[in-house]
Amino acid sequence: MQSTDNDITLLQHIHANGHSVRANSNVDHRPYDRLKELGWLSSTTLSLPDVAYSLTPSGLKRALEELQPKAGVR
């Protein structure tokens, strides 16, 4: 599965918020599920339907890569 710009934006948001977020029933969980499929997030069910999503080591690595300036871009 290829990552999308939306995936990267969400990944960076999670990174900026202390490497984890909490999503409740009012939130669409599909974007988080995509990041789980990419191996960038893990999840813990707190109390249905609240879920905590946390960066995995590979998710943290990818978030940090995306924050680095791109070569050739000024």
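Using only DSSP helix segments of four residues or longer, with each worth -39500 (n - 2.57), what per-residue ellipticity at 222 nm results for the chain after dividing by its residue count and rounding to 500?
Values: 3 runs with 31 residues, N = 74.
Taken over the chain, the calculation gives -12500 deg cm²/dmol.
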With every protein chain present, what is the per residue accessible area of the chain (1.4 Å probe, Å²)? 68
At q = 0.14, 0.15, 0.25 Å⁻¹, base-10 log of I(q)/I(0) for the chain (Debye sum, equal scatterers on each alpha carbon): -0.43, -0.48, -1.17
Residue-by-residue Karplus 3J(HN,Hα) for the range 24-35, coefficients 6.51, -1.76, 1.60, Hz, glycine and proline x: 10, 5, 7, 10, 6, 7, 4, x, 5, 4, 4, 5
Would you mind checking the tilt of helix 5-16 against the longest principal axis of the Cα atoms of the chain, expressed as 0 to 90 degrees and rounded to 10? 80
Over the chain, with every protein chain in place, what whole percent of the accessible area is carbon and sulfur at 1.4 Å, could you tell me? 50
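The values are calculated or read from the model by the stated rules, or taken from the named source; none is laboratory data. What you see is a predicted model, and the numbers here were worked out from it, not measured in a lab. Just so you know, the surface numbers come from the protein's heavy atoms only, side chains and all, with ligands and any DNA or RNA stripped out. Shrake-Rupley method; radii C 1.70, N 1.55, O 1.52, S 1.80 Å.
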